[in-house]
1. How many residues, within segment 284-327, are modelled with pLDDT of 85 or more and closer than 23 Å to Val225 by Cα?
2. Where residues in segment 43-97 are within 18 Å of the chain's Cα centre (by Cα), without any contact (Cβ under 8 Å) to a residue 60 or more places away in the chain and in a loop (DSSP other than H, G, I, E, B), which of them is farthest from Val26 (Cα to Cα)?
3. Go through segment 88-133 and count every residue that is exposed (fewer than 15 other Cβ atoms within 10 Å of the Cβ), of a type outside the set (Lys, Arg) and assigned by TED's automatic domain parsing to the domain that holds Arg188.
4. Which one of these does Ala258 not meet: (1) crowded, with 19+ Cβ neighbours inside 10 Å; (2) outside any helix (DSSP H, G or I); (3) aliphatic (A, V, I, L, M)?
5. Is there a residue being crowded, with 18+ Cβ neighbours inside 10 Å, modelled with pLDDT of 90 or more and among the small types (Gly, Ala, Ser) anywhere in segment 45-61?
6. Would you mind finding the one in Ser276, Ser298 that is surrounded by 12 or more Cβ atoms within 10 Å (Cβ to Cβ), out of contact with any helix residue (DSSP H, G or I) (no Cβ under 7 Å at 6 or more places or on another chain) and closer than 25 Å to Ala216 by Cα?
7. Looking only at residues that are closer than 18 Å to Ala167 by Cα and in a helix (DSSP H, G or I) in segment 120-146, which one is farthest from the chain's Cα centre (by Cα)?
8. Being at pLDDT 95 or above, more than 22 Å from Ala177 (Cβ to Cβ), among the β-branched types (Val, Ile, Thr) and assigned by TED's automatic domain parsing to the domain that holds Ser249 narrows it down to one of Ile28, Ile9, so name that one.
Amino acid sequence: MRNVLLKVIPLYVFFSSAFCAAAEQVMIATPSQGLFELPVVVAMRNGYFRTEGLEVQKIQIQPEIAVKALLAGEVDYLSDWGASVQAAMTGAPIKVVAAMVSRPVHVLISRPEIRVGRDLKGKTVGVDSFGSRIDYLSRVAARYLGLDPDRDVKIIDTGGSLLRVAALKDGSIDATAVDVALAVKAEREGFKRLLHMGDIIDLPASGIAVKSAKLATHGEQIKKVIQATLRGARFIKQKRPETIRIIQSHLRITLSQATKTYDSSIRFFTDDGFVSERAVALGVRRAKEELQLATDPSLSQVTDWSLLREIKLERSKIPYWLKQYEP
């Protein structure tokens, strides 16, 4: 037995070394740690990228810097939908090639005394910065609750999500929109959930964006990244207990919090990478307003679903009995 092991171990090391040497190195930029990046996290943890011959590293970078890093070739992919769309609309050669989360995974939470939407009238809502995605979602939420965001509530810049929750606790603000996992934590401390943003607006939260030129030169690599990520998304939808444990570990929350986080947002994950034309158009319109553009960019300037269509066609040829063994 000892001799057999001595013969097998060097062979195993050889193949492991050969794989590592052959694996393509890929860098994915994400704006922050959160639920919106979960398909990539699951794909990394479950080895789906390695199966595709990729060695993936995920790096956290602010959206504006991440766009510059993508254009400079310092990162290969960008997961921030909003920043990617906005950059493409200003003429940057960037395309979104797949979606991961089709709707916002943010929740509007408030102080305990605010029981329903109309109780927000005359109150203060905290956002991370004016003109940001949180600012936009907060204004949409106010309108949905029957309030005029410019007259009926006071919107102030309170900083990042943890700072906004702290401001909520000390009474500096009365409501704010935060990631669902943080909202679940806040609810356990007595704060009120007014609404889930994903229930009221069809605006994608995350995706996979690349430089336009990369589509022509590295199409196969992009397909591999998309395929591994979609496997992660399908795992999320099919493997509830396992995914809840991953959420618990990734976000460092309790099992009950992870369970509620999963159940609140699972319906917003896309397992085929597509989102509706209406959703893309809303993202474009929102970016147009923020950038104060005079022209209406075409949706093809922002997205390219060609590789997704190829993947969908190839997957349709896989026998059903084989699909059920792998997400």
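1. Qualifying residue count for the region: 17.
2. Gln62
3. Selection size over segment 88-133: 7.
4. (2)
5. No: zero hits.
6. Only one candidate qualifies: Ser276.
7. Start the filter on segment 120-146 by keeping residues that are closer than 18 Å to Ala167 by Cα, which leaves 120, 122-130, 134-135, 138.
Then drop every residue that is not in a helix (DSSP H, G or I), which leaves 120, 134-135, 138.
On the way: Leu120: 29, Ile134: 14, Asp135: 18, Ser138: 18 Å.
My answer is Leu120.
8. Criteria check complete, one pass: Ile28.
The values are calculated or read from the model by the stated rules, or taken from the named source; none is laboratory data. Keep in mind that what you see is a predicted model, and the values were worked out from it rather than measured. Ideal geometry is used to build each Cβ from the backbone, glycine not excepted, and the neighbour counts take in all protein chains shown.
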